[in-house]
Amino acid sequence: MRCPFCGHDNSQVKDSRPTEDNAAIRRRRQCEGCAGRFTTFERIQLREIMVVKSEGKSEPFDREKLERSITLACRKRAIDAVRIDRLVSGIQRQIETSGEGDVLTRHIGELAMEGLKALDSVAYIRFASVYKDFTDARDFEEFAGSIREVSGE
């Protein structure tokens with residue numbers, strides 16, 4: 001594993017333990033070059049998933065990219081990081097077990113919105129504002145109104 005501090009190729013595993021949801025192994029490592037310590041996570045990957053962007057370009061699925069966008073939508077909300085990790089793991093699991101080698105970004109966005117809707121309405125609206133490309137306040141107002149109509153508020 002390459003050291004994030006000095007770029008040295010070798011590191012020693014000092015501690016390994018499963019994450020709380022047993023979906024990954026957390027490893028504490030020490031670089032053999034600079035003695036810096038860092039953490040890595042090992043997760044099961046069932047198959048290589050390619051994400052097809054709206055303009056037709058494909059790229060490998062990036063869990064961290066999905067996690068960053070969901071975390072950004074949840075910023076300054078009382079949402080535990082473990083719940084965000086579970087949501088991202090659930091989305092990744094749904095994608096991997098779908099049987100498809102290629103998945104549209106639109107489908108990933110819909111899965112994320114579905115999960116955020118159940119998690120936190122403000123985070124859901126924040127994510128939707130980027131995903132649906134809101135351009136002015138009226139877009140927010142109409143979207144929030146549609147949420148109220150569905151939930152009966």
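Relative to the dominant Cα principal axis of the chain, helix 63-73 is inclined by about 50°. Computed about the Cα centre, the dipole magnitude for the chain is approximately 740 debye when only Lys and Arg (+1) and Asp and Glu (-1) carry charge, each at its Cβ.
For the chain, the residue among ALA118, ILE25, PHE140 whose Cα projects farthest onto the positive side of the dipole built from Cβ charges is ILE25.
With only alpha-carbon pairs counted, each pair once and no self-pairs, how large is the Kirkwood hydrodynamic radius of segment 1-43 in angstroms? That comes to 10.5 Å for segment 1-43.
Separation of segment 92-118 and segment 1-79 by C-alpha centroid, Å? Using only Cα atoms to place each centre, the spacing works out to 19 Å. Cysteine residues of the chain whose C-beta has no other cysteine C-beta under 4.7 angstrom: CYS74.
Sorted ascending by nearby beta carbons within 10 Å, beginning with the fewest, ILE44, ILE108 become ILE44, ILE108. Taking the longest Cα principal axis of the chain as reference, the axis of helix 121-131 is set at about 90 degrees.
Counting only alpha carbon atoms, the long axis of helix 137-151 and the longest principal axis of the chain meet at about 90°. Scanning residues 5 or more positions from VAL51 or on other chains, those with amide H under 5 Å from its amide H are GLU59, PHE61, VAL103, with H placed 1.01 Å from N in the peptide plane. Among MET113, MET50, a tally of other beta-carbon atoms within 10 Å of each Cβ gives an order, fewest to most, of MET50, MET113. Here segment 23-100 is treated as a sphere whose radius is the Kirkwood value from Cα pairs; by Stokes-Einstein at 4 °C and 1.567 mPa s it diffuses with a coefficient of 87 µm²/s.
Each Lys and Arg contributes +1 and each Asp and Glu -1, all at the Cβ; summed about the Cα centre of segment 1-43, the dipole is approximately 80 debye.
Every number in this text was worked out from the coordinates using simple rules, so none of it is lab data. Just so it is clear, the structure is predicted and the values come from calculations on it, not from any experiment. In this analysis, Cβ positions are derived from the backbone assuming ideal geometry, glycine residues included, and neighbour counts consider all displayed protein chains.
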